[in-house]
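Any read-out appearing in this document is the output of simple, stated calculations on the displayed coordinates, not a laboratory observation. What you see is a predicted model, and the numbers here were worked out from it, not measured in a lab. Note that each Cβ is placed from the backbone with ideal geometry, even for glycine, and that neighbours are counted across all protein chains shown.
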Amino acid sequence: MFYDMPLFRPPAEGYNIILQATLGCSYNKCSFCSMYKTKKFQVRDLNVLKEEISFLSIQYPQGNRVFLADGDALALETSYLLEILKILKEAFPKLQRVSSYGSPLNFQKKSLEDLKILKENGLSLIYYGIESGNDKILKKTTKGIDKKSIIESIQKANQSKIKISATVILGLGGKKYWKEHIDETADLINQFHVNYLSTLQLGLEEKEKENFYKKFGEEFLWQDDEGMLKEQIRFIEKLNPPKNIIFRSNHASNALPLAGNIPKDREKLLNQLNQVFTGKREIVDKRLRGF
Ligand code: SF4
């Protein structure tokens, strides 16, 4: 079995079964994202998926977690996704979790009833790029959604009991908008429940920079590592979620990997960050990082 490359998956899915239910991203216009620029969005044929699932179930009969790639398998019609979930359930008797990437745009097209049915049939976790809670930054990075639609979509996920693993991009507002970026993103996250939250640092491929700067519409002043860490500190200080969040900054882009629960481990995480400024802790060498 061959995958259509490039293939991306969240770090937490590294050891799980991956099935490419779709190719590319149905939106594919965020100016900071080059993941699927070489692909045209496609829904993969159900008969082909059946064959691949059968192959995977022979290779991994004990498989209990499946990630549906590529960029937003939640864009699939609910009935199509239900078919895939049904086939997976039959093929993997020990199946406990099916997950995929999903955007606010995908959620807008799903009713609460759709989400509840998907949850009942095994779709239990969506990886969701919040990126920023600031409307100006969302617009300047052509994310295609606003703060209000993020709130509505995650509240809908909460009601359906589908878990959310959210990401936020440090540095996305540059030096000029960093405070608004962090304050409004923390404020946004304090309004609903995300089960997992991770931060990554903005990085752009050389060939994407021109488009990003053009869309940004004014000079973009990059945050350096010190600025990124200050954003992280302010973000953790301002998070006051309604329920416990499992927090990670384990993406390869981060200057300082962090792991803990918020609010319980807030002080521990802040201490680790502050230790960088007092010389007691080292950041990751830039050559070992990636976006
Ligand atoms: S929705 Fe996600 S995968 Fe698609 S372009 Fe935006 S960041 Fe990239």
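Points worth noting:
- Only beta bridges with both residues in segment 11-288 are counted; by DSSP, about 20 percent of them are antiparallel.
- Peptide ranges 141-154, 221-234 listed from the most packed, as the mean C-beta count within 10 angstrom indicates: 141-154, 221-234
- The distance between label points at Gln96 and Phe55 comes to 2.7 nm (points 7 Å beyond Cα on the Cα→Cβ vector).
- Report note on the peptides 164-176, 106-118, 203-215, 278-290: ranked by the mean count of other C-beta atoms within 10 Å, highest first, their order is 164-176, 106-118, 203-215, 278-290.
- Mean projected area (nm²) of the alpha-carbon convex hull when segment 43-196 is viewed from all directions: 9.3 nm²
- Projected over every direction and averaged, the convex hull enclosing the alpha-carbon atoms of segment 159-227 yields 6.0 nm².
- Within segment 21-48, backbone nitrogen closer than 18 Å to the virtual label 7 Å beyond the Cα of Ser79 toward Cβ: 43-47
- Protection-proxy order for peptides 28-37, 262-271, each taking the mean of Cβ atoms within 10 Å per residue, highest first: 28-37, 262-271
- For segment 1-20, the residues whose backbone nitrogen is under 15 Å from a point 7 Å from the Cα of Thr38, taken along Cα to Cβ, are 3-9.
- Potential lengthening between Thr278 and Lys89 on full extension [0.36 nm per residue; Cα-Cα distance subtracted]: 62.8 nm
- Calculated log₁₀ intensity ratio I(q)/I(0) where the Debye formula runs over C-alpha points of the chain, q = 0.07, 0.16 Å⁻¹: -0.26, -1.34
- For segment 66-150, the convex hull spanned by the alpha carbon atoms encloses 87 Å³ per residue.
- Where N is the number of residues in segment 155-198, Cα Rg divided by 2.2 N^0.38 Å: 1.32
- When only the Cβ of Lys, Arg, Asp and Glu is charged (+1, +1, -1, -1), the dipole of the chain relative to its Cα centre reaches about 340 debye.
- Amide H contacts of Ala69 (H built 1.01 Å from N, under 5 Å, at least 5 apart or other chain): Leu19, Gln20, Ala21, Thr22
- Inter-probe distance in nm under a simple model that places probes 7 Å from Cα toward Cβ, at Glu267 and Lys286: 3.6 nm
- Projected label points at Val48 and Leu221, each 7 Å from Cα along the beta carbon direction, are separated by 4.8 nanometres.
- Across segment 222-228, coupling constants 3J(HN,Hα) worked out from phi with the 6.51/-1.76/1.60 Karplus curve, θ = phi - 60°, read 5, 6, 8, 4, 4, x, 4 Hz, and Gly and Pro carry x.
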